[in-house]
Amino acid sequence: MMTKKCFAAIGTAKEISAEIQKLTDEIKEKGPSVAYANALLIAELNDRFCRDFGNVDPYWMPPQKGGKPTRETYVPPEAADEEILT
């Protein structure tokens, strides 16, 4: 099970990874003339991902009925209202 935000993080990571691959391939083809500009674009992509998904806990699980909360069942306050995808 995962939350919508976890699902979105995975999808966004795949998209950003593909964009970074294109930028690094361009650096390999064209050399240093595009390296600085592409490095700035890569940094911007990374900043956006960290801003949007830096707080996603990949180990989050919905609480189980009964029992004491553990690392696997703890729901952080910011994730308590997220919808769970099953």
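Screening the stretch 15-34 for residues that are farther than 14 Å from residue 48 by Cβ and open to solvent by 80 Å² or more (accessible area, probe 1.4 Å) and picking the one that is nearest to the chain's Cα centre (by Cα) gives 21. The residue that is modelled with the lowest pLDDT, among those in the stretch 47-60 that are more than 8 Å from the chain's Cα centre (by Cα) and open to solvent by less than 80 Å² (accessible area, probe 1.4 Å), is 60.
The values are calculated or read from the model by the stated rules, or taken from the named source; none is laboratory data. Owing to the predicted nature of the structure, the values given are computational and were not obtained by experimental measurement. Every residue, glycine among them, receives a Cβ derived from its backbone with ideal geometry; neighbour counts consider all protein chains shown. Just so you know, the surface numbers come from the protein's heavy atoms only, side chains and all, with ligands and any DNA or RNA stripped out. Shrake-Rupley method; radii C 1.70, N 1.55, O 1.52, S 1.80 Å.
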